[in-house]
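Step one of this worksheet: look at the structure below.
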There are 4 protein chains.
Amino acid sequence: MKVGVLGARGKVGAEVCRAVEEAAGTELVARVDAGDDIGVLVESGAEVVVDFTHPDVVMDNLRFCVEHGIHAVVGTTGFDEERLATLRGWLADAPGVGVLVAPNFSIGAILMMRFAAAAASFYESVEIVELHHPDKADAPSGTARRTAELVAAARREAGLGPVPDATSTSLDGARGADVDGIRVHGLRIRGLVAHQEVVLGGVGETLTIRHDSLDRSSFSPGVLAGVRAVAAHPGLTVGLEHYLDLD
Amino acid sequence: MKVGVLGARGKVGAEVCRAVEEAAGTELVARVDAGDDIGVLVESGAEVVVDFTHPDVVMDNLRFCVEHGIHAVVGTTGFDEERLATLRGWLADAPGVGVLVAPNFSIGAILMMRFAAAAASFYESVEIVELHHPDKADAPSGTARRTAELVAAARREAGLGPVPDATSTSLDGARGADVDGIRVHGLRIRGLVAHQEVVLGGVGETLTIRHDSLDRSSFSPGVLAGVRAVAAHPGLTVGLEHYLDLD
Amino acid sequence: MKVGVLGARGKVGAEVCRAVEEAAGTELVARVDAGDDIGVLVESGAEVVVDFTHPDVVMDNLRFCVEHGIHAVVGTTGFDEERLATLRGWLADAPGVGVLVAPNFSIGAILMMRFAAAAASFYESVEIVELHHPDKADAPSGTARRTAELVAAARREAGLGPVPDATSTSLDGARGADVDGIRVHGLRIRGLVAHQEVVLGGVGETLTIRHDSLDRSSFSPGVLAGVRAVAAHPGLTVGLEHYLDLD
Amino acid sequence: MKVGVLGARGKVGAEVCRAVEEAAGTELVARVDAGDDIGVLVESGAEVVVDFTHPDVVMDNLRFCVEHGIHAVVGTTGFDEERLATLRGWLADAPGVGVLVAPNFSIGAILMMRFAAAAASFYESVEIVELHHPDKADAPSGTARRTAELVAAARREAGLGPVPDATSTSLDGARGADVDGIRVHGLRIRGLVAHQEVVLGGVGETLTIRHDSLDRSSFSPGVLAGVRAVAAHPGLTVGLEHYLDLD
């Protein structure tokens, strides 16, 4: 499969280029970055494009790809409902072309969220601990919030009430943040990268699901999974989890 | 739901009685043990029976239940293919009666195995660590072996080759036991009960699924789940996992 | 060594009796509880007494022991400076008699605190996570608070500044409670007993010290350690850590 | 403090240069590698040299340093008793000059070993789990072996017998490797770097000490600690742990 990379000289793009070159079954045919002629995608015969560029240019990139029948795997941020609707419009006129827009290419993070939601209805208690390097600006992390929302939804659907908690005396913040009724705790520790643990518990037992991201290259397997599957998923897909066969 | 317990004076049976009495929606109507008249199950109106007795008597117990239209949830061991076939024969003549035979009532252990198998195809590496009290006679544990077999099957189905391992100099046993190509390590530590960790890893990230059984009472939620669901599953079911809606 | 137990019919006292009977080198010679004649301690030849009774009676118990030359290991709560001063006065008149008053008999908790404090000056970051059953009334736990204070003191002594934390947007409570500048997070999970993790981190590495109390009997080894060492430590000692040879 | 680096263009040496430049209180005054004139160390006024070179050249480097009154912090391997004796001889003629030869500059690994040995005498059970990337050639790791030896020595000194283990049926390797009576387990997982866990257990409780090295830069703080302390430790020191004030 011939692959072009948009944003090829960026930190993430360069890593994607390396991964595409090393992986079996994929060939890197075009590296494009700001100032380069996007036409090279067509000339090089790219079948799939990976886009890690910028919200300002990603829509133009995608219009070009869709018009030229090139599938796209997109990690660039900034997609709101309006942009997704525009994309769907373009794709309606290009049957057979697939576009994947994914906020998170970490397969491990996706599996962790999926498993936490699947297990949630079987346990009385559940809390989330996320651990990151101390230069992170927000707490809790987006992944932790999203996990809490998924877990809370699964509990509601199963008819579970609130998690038990007899705390009557407490220091401010000791019991973490409340996200949709689920307690979330954020640690900031030098030396760590990005880590999360979901702890579920019932009478006499606990189940813990932990994801450790030790290197920024951990998005590569997810991008490659997207590259390999996008042609088989025409139209717009939001979220890599829809490509992963988990059942 | 009216519940009778066979083996009610045994350690596990007594705990089941306690759980049935405390749970919402179940009522304990009969406690039966060796020497007691099993007829009390009918007189008390038991709809479901829980059997934690002995391989020598469990088949007689089950024939009685099936003949009297009482569903059964069975934790007694010693079921081979012949016994299961006999059971199926009895149930063929009693449409509507359900029997669950389960080697493991720990919901957490079942979820751990299920999640490990579901994640296996996405990771290059996987190993299993089980930790138990030092009075355990076998290593690795049955659950660890079963997990390794499920993980190995999932890898084969996904076309994955052997896990990477460049070990060329090694002390005997340092790399654990080989179960179907998957490395399994058993720790024996005073103070522990029954614990297992499945570690999966790919470029830059790992996913860890851990189950901790801290108390023998951890089988109760699984038994109750069986009691509640058995009437809706006529015929023979082997393994509690078939009652758990995980998808 | 002949041991008497005061509060022998209480939950903890009964467990202490069992431990004394089973341990090598100790003999249980007297079980005393409310209503019993404390004189039996003398008649039975008890050399050491273990007291898990009540703040209302413990001082009378100890006066009796000190006057009769019996060493005491005390887990009963309620000791303030005034009581300790009274005890010291009695012991001044009974050279050779040792009394240990300990708020915590868990050797693991003591080691965890000691190691966390010893490591603190070598790491830029440190946070504490404590996990307990959901029936606990206070958060964070007393042990977590004490650990934070010890770690904070060690950092101050080493001239370390505040831990790094770039958090600028945060949900209330996401970063835990602040105890003396150290972040402490409390989880409440059904199935757990009493657990704590201290996470220290510097460039490229982390050190984690975790203590798991899986059973209330975990105080027994500490009580036995106290029983064995008290005769060699005449006078008043507050805190089991002073008996543990850690250097 | 003026610092020169020998082996400055190697992977580790380059990282040391970066760390010395960034750290407060140290100044990088010379980078020397194969082919360069070592005399630049004297001309630049280097007070301390860091040597990450090769066993073939390190002795010549050190003779030069000692003769010119420059302290040395050495991470180069290949030091046997003969070499250490030679070094001691040179240092006898150069009072005031300090040389630190350290096989391991990870402060976390040193603390883990120290704490494991300090805790060993208080626990009935102890085992070691080390986890590394799958390209590692030896199992178990040198650090795990060393930890096992230290723990075994501490147990012997405390008069503890063998760890309890009732295993009677076992798959080959399931219980790990035996290092001095201590069980050691090695996992090889893609995505991991270098990690180790020491699990100690007694009745009702466990203590776990875990070290995670997530990045090769984790030796930098240890090298800097050595650079800062070497002048205050004249003569030969083997092992960074002797510079760390742990008591």
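What follows is calculated from the coordinates using simple rules that are stated; it is not laboratory data. All values derive from a computational prediction rather than experimental measurement. A quick note on method: Cβ atoms are made from the backbone with ideal geometry, for glycine too, and the neighbour counts reach across all protein chains shown.
A few remarks follow.
- Nearest 10 degrees, 0 to 90: helix A:220-229 Cα axis against chain A principal axis: 60 degrees
- In the distance distribution for the protein assembly as shown, Cα-Cα pairs more than 53 Å apart total 25 percent.
- Rg to Rh, two decimals, where segment D:173-219 supplies the alpha carbon set and Rh follows Kirkwood: 1.04
- Between copies, the label points at residue D:170 (set 7 angstrom from Cα along Cα-to-Cβ) are spaced 1.6, 4.6, 4.8 nm, reported in nanometres from shortest to longest.
- Restricting attention to the protein assembly as shown, close to 45% of DSSP beta bridges with both partner residues there are antiparallel.
- Between 0 and 90°, nearest 10: helix D:81-92 axis offset from chain D longest Cα axis: 40 degrees
- A straight line joining the Cα centroids of segment A:51-107 and segment C:221-247 runs 69 Å.
- With label points set 7 Å from Cα along Cα→Cβ, the inter-copy distances at residue B:9 are 2.7, 8.5, 8.6 nm, sorted shortest first.
- Cα-centre dipole for chain A with unit charges at Cβ (Lys and Arg positive, Asp and Glu negative), debye to 20: 380 debye
- Closest approach to the axis - chain D beta-carbon, rotation onto A, Å: D:214, 3
- Taking other C-beta atoms within 10 angstrom as a stand-in for reagent exposure, C:129, D:97 fall in the order D:97, C:129, fewest first.
- Cβ-based charge dipole, segment C:107-214, positive-most Cα from C:203, C:119, C:140: C:140
- For q = 0.14 Å⁻¹, Debye-computed log10 I/I(0) when each Cα of segment A:95-247 counts as one equal scatterer: -0.76
- Cα centroid separation, segment D:172-192 to segment B:137-216: 11 Å.
- Anisotropy class of segment B:100-170 from Cα gyration tensor, a/c 1.5 cut: oblate
- Bridgeable lysines around residue B:2 (alpha carbons under 24 Å apart, same-chain partners fewer than 8 residues away excluded): B:11.
- Couplings 3J(HN,Hα) for segment B:174-184, derived from phi with the Karplus relation 6.51 cos²θ - 1.76 cosθ + 1.60 (θ = phi - 60°), are 4, 9, x, 8, 9, 10, 6, x, 9, 7, 10 Hz, where x marks Gly and Pro.
- Cα lying deepest toward the dipole's positive end in chain B, options B:239, B:38, B:163, charges on Cβ: B:163
- About the Cα centre, charge dipole magnitude for segment A:107-214 (Lys/Arg +1, Asp/Glu -1 at Cβ), debye: 200 debye
- Diffusion coefficient, µm² s⁻¹, Stokes-Einstein with Kirkwood Rh over alpha-carbon pairs of segment C:1-87 at 4 °C and 1.567 mPa s: 101 µm²/s
- Helix C:107-120 vs. chain C, principal-axis angle (Cα, 0 to 90°, nearest 10): 40 degrees
- Charge sum, other residues only, whose C-beta stays under 15 Å from residue A:2's C-beta, Lys/Arg counted +1 and Asp/Glu -1: -2
- Put a plus charge on the Cβ of each Lys and Arg, a minus charge on the Cβ of each Asp and Glu, and nothing anywhere else: the dipole of the protein assembly as shown about its Cα centre is then about 20 debye.
- DSSP finds beta bridges in chain A, and of those with both partners inside it, around 45 percent are antiparallel.
- Cross-link partners of residue B:136 among aspartates and glutamates, defined as those whose alpha carbon lies under 18 angstrom from its own and excluding same-chain residues fewer than eight positions apart: B:197, B:212, B:215, D:124, D:127, D:165, D:172, D:205.
- For residue B:54, the distances from its label point to the matching points in the remaining copies are 4.6, 7.5, 8.0 nm, ordered from shortest, with each point set 7 Å beyond Cα toward Cβ.
- Farthest toward positive dipole pole in chain C [+1 Lys/Arg, -1 Asp/Glu at C-beta], among C:19, C:128, C:224: C:128
- Chain C: relative contact order in percent, alpha carbon pairs under 8 Å with at least 6 residues between: 22 percent
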